[in-house]
C-alpha cells in the first residue's frame with residue numbers, strides 16, 4: 001500500500017493525476033500548442049517517490065527531465081461541483097513535487113501518436129514532499145515554489161501564472177473522472193525544465209512551508 005504524509009499522518013494514496021501544459025512559459029520552451037482545456041494524464045502508483053529517497057534514472061532513457069510543481073492532496077470525494085461550491089475546499093494538503101519525464105522517450109511516442117505512460121510513469125517518476133495542511137497555505141493561487149539543483153536555482157514558479165487555475169483543474173477532474181480521498185494532483189510546471197544527471201542533489205520548496213530533498217543515484 002502506497003502512502004503519502006499529511007503533516008505527521010499517513011494517508012493512503014489513491015490516484016495520481018497530472019496536468020500538462022499549464023504554464024505559458026513552459027509551453028513556449030517546449031514549442032507546444034496552448035491547450036483549449038486542461039491536459040490530463042496519470043502516473044501509476046508505483047511511480048511515487050517520497051522526499052529523502054534516491055531517484056534512479058530509467059535504463060531506457062538518456063534524457064530524464066525534472067519538472068517542479070505544486071501538488072494537491074485530495075481530502076474529500078467529489079463527482080462535480082455546484083454553483084455555490086468552492087472546489088478548493090476538498091484539498092486536504094499542499095506539497096511540492098517533481099513530474100519526472102523521459103523526454104527522449106516521450107518525443108518518440110508523441111511522433112507515433114502513442115500514449116506517454118513509459119515516459120511519465122516509470123518507477124520514481126512522481127516525486128513528492130510531505131503535505132502541509134491546506135489552511136496553512138492561505139493563498140494557493142498566488143504562491144511560489146522553487147527547485148534548486150546542486151545549490152543553483154533552476155525553476156521558480158508562481159501559481160498565479162497558471163493557464164487553468166486550481167479550481168478549474170479540480171472541476172475538470174471531478175466531472176470527468178471523479179476525485180477520491182487520497183488522490184494526488186500535480187498541477188503543471190513553469191519554464192526551466194532540464195536534464196537530471198547522476199549525483200545531482202535537488203532541493204524543493206513551497207512558499208517556505210514545506211520542503212523536499214532528492215539525490216540522483
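Summary table
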item: Which numbered condition residue 198 misses (of (1) surrounded by fewer than 17 Cβ atoms within 10 Å (Cβ to Cβ); (2) out of contact with any strand residue (DSSP E or B) (no Cβ under 6 Å at 6 or more places or on another chain); (3) assigned to a loop (DSSP other than H, G, I, E, B); (4) in contact (Cβ under 8 Å) with a residue 12 or more places away in the chain); result: (2)
item: Condition check for residue 53: touching a helix residue (DSSP H, G or I) at 6+ places or on another chain (Cβ under 6 Å) and closer than 30 Å to residue 135 by Cβ; result: no
item: Residues that are part of a helix (DSSP H, G or I) and out of contact with any strand residue (DSSP E or B) (no Cβ under 7 Å at 6 or more places or on another chain), drawn from region 145-165; result: 160
item: Flag if residue 138 is assigned to a loop (DSSP other than H, G, I, E, B) and either in contact with a strand residue (DSSP E or B) (Cβ under 9 Å, 6 or more places away or on another chain) or under 26 Å from residue 105 (Cα atoms) (or both); result: no
item: Tabulated pairs, region 88-106, first closer than 11 Å to residue 119 by Cβ, second at pLDDT below 95, C-beta under 6 angstrom, 6+ apart or interchain; result: 106/116
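The values are calculated or read from the model by the stated rules, or taken from the named source; none is laboratory data. As the structure is a computational prediction, the values presented were derived from the model and not from experiment. Positions of Cβ are backbone-derived with ideal geometry, glycine not excepted, and every protein chain shown enters the neighbour counts.
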